1. Let me know the number of lysine pairs in the range 38-162 closer than 23 Å at the Cα, not counting same-chain pairs under 8 apart.
2. What dipole magnitude, in Debye to the nearest 20, does the chain give about its Cα centre under +1 on Lys/Arg Cβ and -1 on Asp/Glu Cβ?
3. Would you list which aspartates and glutamates come within 19 Å of LYS271, measuring only between C-alpha atoms, while excluding same-chain residues fewer than 8 positions from it?
4. Scan around LYS52 for amide H atoms under 5 Å from its own, H built in the peptide plane at 1.01 Å from N, and keep only partners 5 or more places away or cross-chain.
5. Tell me, what HN-Hα J-couplings in whole Hz come from the Karplus equation 6.51 cos²θ - 1.76 cosθ + 1.60 at θ = phi - 60° for each residue of the range 102-111, using x for Gly and Pro?
6. Through the Karplus equation 6.51 cos²θ - 1.76 cosθ + 1.60, θ set to phi - 60°, convert the phi angles of the range 296-309 into ³J(HN,Hα) values in whole Hz; use x for Gly and Pro.
7. Under the Karplus relation 6.51 cos²θ - 1.76 cosθ + 1.60, θ = phi - 60°, what is the ordered set of whole-Hz ³J(HN,Hα) values for the range 31-38, x standing for Gly and Pro?
8. Give the value in nm², to one decimal: projected area of the alpha carbon convex hull of the chain, averaged over all directions.
Amino acid sequence: MSFRRVEEAPDNVTALVRVDFNAPMQDGKITDDTRLRAALPTIEALQAKHCKIALLAHFDRPKGKRVAEMSLKPIAEPLSRLLGSPVAFADDCVGEVVKAGIDALAAKGVMLLENTRFHAGEEKNDAELAKQMAALGQIYVNDAFSAAHRAHASTEGVAHLLPAYAGKQMERELDALDSALGNPKRPVLGVIGGAKVSTKLDLLKNLIAKLDKLAIGGGMANTFLFAQGVEIGASLAEKDMADTARQIMDAAKGKCELLLPLDVVVAKDVKPHAEARMCGLDEIQGDEKILDVGERTIQRLRDAMKHSHTLIWNGPLGVFETPPFDQGTVIAAQDAAALAKSGKLIAVAGGGDTVAALNHAGVAGDLTFVSTAGGAFLEWMEGKPLPGVEALKR
Ligand code: ADP
Ligand code: MG
């Protein structure tokens, strides 16, 4: 993928940098600074170039109005502590006063601008708002991959009005995604889980066209099993999606080998440490629910990982929040991590619950790349162009 990287940015300019500071907040204090820390490499790279830095970000969903609890102001101090230098705050993200403040910064100075979504034009990608943003800087840097699936003024509109660069975090994310699906080392294995087929239909269709093998687990596998005539008892399934599941299986034929569960873990209730048993697909009782994949299924998945060069994973294989139904996900995650650590597998994963599951398995840090971008990651897996990324392309 061809985009300008932050190293190529000129020295001594004012950089308008779109970041993701949508951090969890409680009583006016952020409770997790992961997203702040993620922005540091880009800020520091621009400081090394003696740039002035104005940070654009959204917070929550104020819907075009000023909402006091959704101010970005509480972010300035923790950011300043992490950076080890002062971070000024402007109570708007456009306008003459803000511009004067940015101009008055010393070289390497940083100013955080107020929530872009306080302006109704942000989510409408209003041309006038984008123009006012562009007036604040000489170059634009986008470091917020997680917001790149939205064509907003601060993520897309402004990128066309100034020389645009990918920030370090954006660059890392795009490189990782490219190595997993864009230009992967084959064979490529996909693992898709999660609750429903309906939320991941576009994703499944895109993946069967690009992968060598695709393992399906989680609740969505139940729908595929049902479509094949398996008695799935009281399992979660979308029976009205059976035709769709059959179409996907047909489309995959000869292109992508689908790995559906060979055996399962079932229980009558989804309760911690509920009485559970492992069984074959023809042994599921009417009152039982499939809550995890079985041992043979996991073993086959581990073999598939061993014989692949690249793994792309979204969605837990079972109800991982409720042990013992976390076992399939945990074992597969630990295996992927071990292979990635030894350099045998490029392992890329993402998705809200997937990140939680990898953390639960204690291996999130050991995969090649774990995307915390949520919606943007899923849309990218669906093969959709992301407006914020498209706007950075040369
Ligand atoms: P992500 O957020 O990573 O994209 P999803 O939201 O699609 O993942 O799916 C995660 C959810 O799927 C989890 O809450 C998990 O409990 C649920 N799930 C996985 N397997 C099953 C199953 N067999 N039955 C019901 N729910 C399941
Ligand atoms: Mg989810």
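1. Lysine pair count for the range 38-162: 18.
2. Dipole of the chain, to the nearest 20 debye: 880 debye.
3. Correct list for LYS271: ASP287, GLU288, ASP292, GLU321, ASP326, ASP353.
4. VAL13, THR14, ALA15, LYS108
5. 5, 4, 6, 5, 6, 3, 6, x, 10, 10
6. For the range 296-309, the Karplus curve yields 5, 5, 5, 4, 5, 5, 4, 4, 4, 5, 4, 9, 10, 9 Hz.
7. With the stated coefficients, the range 31-38 comes to 9, 8, 9, 3, 5, 5, 4, 5 Hz.
8. Directional mean of the projected Cα hull area for the chain stands at 20.0 nm².
Every number in this text was worked out from the coordinates using simple rules, so none of it is lab data. Bear in mind that the values here come from a model prediction, so they are computed numbers and not experimental data. FYI the Cβ positions are ideal-geometry reconstructions off the backbone, even for glycines, and counts take in every protein chain you see.
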